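Written out below as structure tokens is the structure these notes cover.
The values are calculated or read from the model by the stated rules, or taken from the named source; none is laboratory data. No experiment lies behind these values; they were computed from the predicted model shown. Ideal geometry is used to build each Cβ from the backbone, glycine not excepted, and the neighbour counts take in all protein chains shown. Only protein heavy atoms, including side chains, enter the accessible area calculation; ligands, DNA and RNA are left aside. Shrake-Rupley method; radii C 1.70, N 1.55, O 1.52, S 1.80 Å.
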Amino acid sequence: LYTTWLGGLLRRRAGRLTATALGVVLAVGLLASLGSFISASKATMTQRAIRTVAVDWQIETQQGADPGAVAAQVAATDHVTASETVSFATTSGFESSKNGTTQTTGPGQVIGISDTYRATFPAQFRDLSGASNGVLLFQQTAANLSAVPGDSISIGRDGLPPVIVTVAGVVDIPQADSLFQNAGAPIGAQAQAPPDNVLIVPDATWHTLFDPLAGTRPDLIHTQSHARLDHQLPGDPASAYSDITGQARNLEVKLAGAGLVGDNIGATLSGARSDALYAQVLFLFLGTPG
């Protein structure tokens, strides 16, 4: 009976059956292509998002903890492919005198980095003029002091005589917000405005200038370990975010209060997962009417 009925339909309504079947195929194909496109987009979204991060993790050594022990623990952590120790000192200000005039600034930061830091984290600083190593002046500070490479500037130290250094180059800090963040603060917390006055010096020079200050004003000195990860993460930003934040919390547990993780890569993925969810909903709403 069914065979006879189906044969009658094929003989008398072949066109209508063909159109119906084609419509079903197109509908299923549309939904399948949308799903495939969304999956492919999410698969590359994580890598596109984290590509812009200059430093994946900034681990702030807490007061009283041993920076060397923190650095060793960070270097030995799974998924960490490279790490550098960075020293920070708060200065009372900078001063520059030339052509009969003197320019001064308010308080600022002096950063000490190793000779290999810029090769490890090439996106952290961007050269503008002069040399790419030695004493480097942040462009906003250079404008405040009307200073150029070759000029001498004085660095104020609280309770100690100022010291004079010669500027070798002027640089920009594209991600100053993350560099000077309050490491360990919850994602979405009030951002800390980066300083306008910044000087970057070689690590040996920094210790010569500020080790004496550490003995009298340890509150003006702090140390971070900057880490680069292997980026072996799921393609989906939400899954990648869960993985990376879990790794960061695991490191904090191992440090046992000696350090707090500034999770720059986690903050970036937090935004990317929201974008991925919005894109998924948008495509579904666009595809369903079709």
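Summary table below
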quantity: Flag for Ala32 being open to solvent by 20 Å² or more (accessible area, probe 1.4 Å), among the hydrophobic types (A, V, I, L, M, F, W, C), modelled with pLDDT of 95 or more and not in a loop (DSSP other than H, G, I, E, B); calculated: no
quantity: Candidates Ala193, Ala256, Ala214, Ala204, filtered to the one that is on the phi > 0 side of the Ramachandran plot and surrounded by fewer than 21 Cβ atoms within 10 Å (Cβ to Cβ); calculated: Ala256
quantity: Cross-chain or 6+ apart pairs with Cβ under 8 Å, the range 235-260 first and touching a residue at least 40 places away in the same chain (Cβ under 8 Å) and within 17 Å of Arg51 (Cβ to Cβ), then among the polar types (S, T, N, Q) and open to solvent by less than 30 Å² (accessible area, probe 1.4 Å); calculated: Gly235/Thr46; Asp236/Thr46; Pro237/Thr46; Ala240/Thr46
quantity: Ser92 being small (Gly, Ala, Ser), open to solvent by less than 50 Å² (accessible area, probe 1.4 Å) and touching a residue at least 12 places away in the same chain (Cβ under 8 Å); calculated: no
quantity: Top-ranked residue in the range 223-241 [being surrounded by 18 or more Cβ atoms within 10 Å (Cβ to Cβ) and touching a strand residue (DSSP E or B) at 6+ places or on another chain (Cβ under 8 Å); ranked as farthest from Asp263 (Cα to Cα)]; calculated: Thr223
quantity: Gly156 being in a strand (DSSP E or B) and over 23 Å from Thr120 (Cβ atoms); calculated: yes
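Per-residue answers, yes or no, for (1) under 25 Å from Gly262 (Cα atoms); (2) open to solvent by 70 Å² or more (accessible area, probe 1.4 Å); (3) free of Cβ contacts under 8 Å to residues at least 40 places away in the same chain:
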position: Thr105; (1), (2), (3): no, no, no
position: Thr120; (1), (2), (3): yes, no, no
position: Ala123; (1), (2), (3): yes, no, no
position: Leu136; (1), (2), (3): yes, no, no
position: Pro162; (1), (2), (3): no, yes, no
position: Pro174; (1), (2), (3): yes, yes, no
position: Ser178; (1), (2), (3): yes, no, no
position: Gln181; (1), (2), (3): yes, no, no
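Residues checked against (1) part of a strand (DSSP E or B); (2) charged (D, E, K, R); (3) at pLDDT 90 or above:
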| position | (1), (2), (3) |
| --- | --- |
| Ala227 | yes, no, yes |
| Ala238 | no, no, no |
| Ser242 | no, no, yes |
| Leu260 | yes, no, yes |
| Ser270 | no, no, no |
| Asp275 | no, yes, no |
| Val281 | no, no, no |
| Phe285 | no, no, no |
| Pro289 | no, no, no |
